[in-house]
Amino acid sequence: MRKVLRAVAIVALLMAAAGMAFAGGSSESSAQKLPIIGISQIVTHPALDAVVKGVQDELAAQNINVTYDLQNANGDPNTAKQIANKFKAEHVAVAVGVATPTAVALADTLKDIPVIFSAVTDPVGAGLVASLDKGGKNVTGYSDMTPVKAQIEMLAKLANVKRLGHVYTSSEQNAVTLANMAKQACEQLGIQFVSSTVTNSAEVRQATQSIVGRVDGIYVSTDNTVVSALPSLTEVAMQAKVPVFSADPSSAEKYDVLAAYGFDYYAIGRATGRLVAEVLKGKKTADIPTQFLTDRKDLILLVNLDVAKKLGITLPQSIINDADKIVENGKVRSK
């Protein structure tokens, strides 16, 4: 009798274990069925990091259950292509390209998978879409075209700039577009434009050194390669007592940038997340034209009173009053 009872107990234990194993398998299978959102980021810096977080926060706020494959190309176009092939192999539901090189790599590779670009300055020039008025067969997204002329006008007023320096990446389409816009703005404003090009972030210090003695101000656009090496640029500029003005307030908070005026990249990320949600729900990318953030509330003006003091520059009180963020005594405060 004891043997029978022992045998029954063993069978029960085995059945329970089998049931647990089956339940675990079911849970794993369920997890695997969640849509995969592949996000490919060209390089790490605060603005692009904010875009990625914004996408995730927006989908979470909409209670859309997905899994993520987060990838970073570390500034290497070849790595961006490898990431695109990885997303293709795992059949992601939507691929998000954060910045031009990664967005282009995704669009070139994923012909049957929706690609949403974000923080791309010139999507037409980059070949992502044929027109800003209509999405591509499987591509659409958000542009971060920045108000270049307004930024340069502000720098000229803050520091009486007559010769403007600009370092940009010759191999990055958005950087070239912005450099051309900056040059044109300078011509219209009667400012001499002095530029130097780089191919990677390691060259930014030397490129800045090559022009810093010939300018009285430096403009930094939303050039991902240059922004990722912003500490090198600002260090050289500060040693020469040359003010730096940036189009990326997110990255400017920690470094010796006199002022920055540009988009809230977290807001761009949230807006991009809304596009991802629409596509997941069945909307065609061809029916979504390139999107822009146009409200003043989506722009941030940052001024650094500590840097102004080091440079001996007195910022107009009207600019300080208009600032959304002020750096003073090493701390950032929002208004």
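Rule-based calculations on the coordinates, nothing more; no lab input. From a predicted model like this one, the values you see are computed outputs, not experimental measurements. A quick note on method: Cβ atoms are made from the backbone with ideal geometry, for glycine too, and the neighbour counts reach across all protein chains shown.
May I ask for the distance between the Cα centers of segment 65-112 and segment 182-214, given as a whole number of Å?
Spelled out, the Cα-based centre of one part sits 31 Å from the other.
Given a Förster distance of 41 angstrom, what is the FRET efficiency for Lys162 paired with Lys53, based on the Cβ-Cβ distance and rounded to 0.05?
0.55
Testing the spin-label approximation: label points 7 Å from Cα along Cα→Cβ at Asp298 and Ala286. State their distance in nm.
2.6 nm
Tally Lys/Arg at +1 and Asp/Glu at -1 over every other residue whose Cβ is under 11 Å from the Cβ of Leu128; what's the total?
-2
May I ask you to derive the FRET efficiency for Lys33 and Asp108 from their Cβ-Cβ distance with R0 = 35 Å, giving the value to the nearest 0.05?
Step by step, r from the Cβ atoms, then E = 0.80.
Taking the Cβ of each residue in Glu58, Glu187 as the centre, tally the other Cβ atoms inside 10 Å and list the residues starting with the fewest.
Least crowded to most crowded, the residues run Glu187, Glu58.
First select every other residue whose beta carbon is under 15 angstrom from the beta carbon of Gln206; then total the charges, Lys and Arg +1, Asp and Glu -1.
Around Gln206, the charge tally is 0.
Within the set of other residues whose C-beta is less than 11 Å from the C-beta of Phe245, count the net charge using Lys and Arg as +1 and Asp and Glu as -1.
Taking every other residue near Phe245 into account, the sum is -1.
Rounded to the nearest 500 deg cm²/dmol, what is the calculated helix-only ellipticity per residue at 222 nm for the chain, with -39500 (n - 2.57) per DSSP H run of length n ≥ 4?
Helix contribution divided over all residues of the chain: -14500 deg cm²/dmol.
Given all pairs of different Cα atoms, what value in angstroms does the Kirkwood hydrodynamic radius of the chain take?
Taking the inverse mean of 1/r over all distinct Cα pairs, the chain comes out at 21.6 Å.
Once label points are set 7 Å from the Cα along Cα→Cβ at both Gln192 and Gln82, what is their separation, rounded to one decimal in nm?
4.5 nm
Starting from the alpha-carbon convex hull of segment 110-154, give the projected area averaged over all orientations, in nm².
Computing the convex hull of the Cα atoms and averaging its projections yields 3.5 nm².
Go through Lys111/Lys134; Lys53/Lys254; Lys81/Lys325; Lys53/Lys241; Lys297/Lys331; Lys241/Lys297 and tell me which ones have a Cα-Cα distance over 26 Å in this structure.
Pairs exceeding 26 Å: Lys81/Lys325; Lys53/Lys241; Lys241/Lys297.
Give the residue from Val176, Ile268, Asn200 lying farthest towards the positive end of the charge dipole for the chain; charges sit on Cβ (+1 for Lys and Arg, -1 for Asp and Glu) and the dipole is referred to the Cα centre.
Among Val176, Ile268, Asn200, the one farthest towards the positive end of the dipole of the chain is Ile268.
Antiparallel as a % of all DSSP beta bridges within the chain, to the nearest 5?
Around 20 percent of the beta bridges assigned by DSSP in the chain are antiparallel ones.
With r defined as the distance between the Cβ atoms of Ala202 and Gln239 and R0 fixed at 25 Å, what FRET efficiency is calculated, to the nearest 0.05?
0.85
Work out how far the C-alpha atoms of segment 83-194 reach from end to end along every principal axis, then list the three figures in whole Å, largest first.
Computed over the Cα atoms, the extents are 54, 26, 19 Å.
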